[in-house]
Amino acid sequence: MSLALLVQVAAADGGAAEVVEAPQPDPPVLETVPVAVEPYGVYDRLAQCEAGGDWHNARNPIYKGGLQFDSQTWARHGGLAYAWRADFASREQQIDVARRTQASQGWGAWPTCSRRLGLR
């Protein structure tokens, strides 16, 4: 639908006014930007080392998810707000819990992989 601006222009000789359609500028072009998954860098690399990058890894009887949380660590750092076990939580949720874990325990919470990745 086009919106036109109508302007009344008085005749130069004092005669009847004329209605003229004023040109309208083109509407701005809105570009769409693809939404990317937020890069978490170090946590993706840590998950690759800990669980082969499988965020729903449940092969270990004690450690679950991409960052291999035990049930106590998962619960203590707020994981139960997301899921009863880490492997049932999303990647983003596991990373949220991992950030809290890292803040309280340091990279030593993942002793082997943090050393392999040069985090400590």
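The values are calculated or read from the model by the stated rules, or taken from the named source; none is laboratory data. The model shown is predicted, which means the values in this text are computed figures rather than measured ones. With ideal geometry, Cβ positions are generated from the backbone for all residues, glycine too; neighbour counts draw on all protein chains shown.
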Checklist entry - If you take the residues of the stretch 48-87 that are in contact (Cβ under 8 Å) with a residue 40 or more places away in the chain and out of contact with any Lys or Arg (no Cβ under 7 Å at 6 or more places or on another chain), which of them is farthest from R99 (Cα to Cα)? => result E50
Next on the checklist: Kindly evaluate D44 against the criterion of being touching a strand residue (DSSP E or B) at 6+ places or on another chain (Cβ under 8 Å), modelled with pLDDT of 95 or more, surrounded by 14 or more Cβ atoms within 10 Å (Cβ to Cβ) and part of a helix (DSSP H, G or I).
Outcome noted: no
Next on the checklist: Here is a check on your reading of the model: is Q68 on the phi > 0 side of the Ramachandran plot, touching a Phe, Trp or Tyr at 6+ places or on another chain (Cβ under 8 Å) and either modelled with pLDDT of 95 or more or surrounded by 15 or more Cβ atoms within 10 Å (Cβ to Cβ) (or both)?
Outcome noted: yes
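Residue by residue, here is whether (1) touching a strand residue (DSSP E or B) at 6+ places or on another chain (Cβ under 7 Å); (2) of a type in the set (A, V, I, L, M); (3) modelled with pLDDT under 90 holds:
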{"position": "V35", "(1), (2), (3)": "no, yes, yes"}
{"position": "Q72", "(1), (2), (3)": "no, no, no"}
{"position": "A83", "(1), (2), (3)": "no, yes, no"}
{"position": "R100", "(1), (2), (3)": "no, no, no"}
{"position": "R116", "(1), (2), (3)": "no, no, no"}
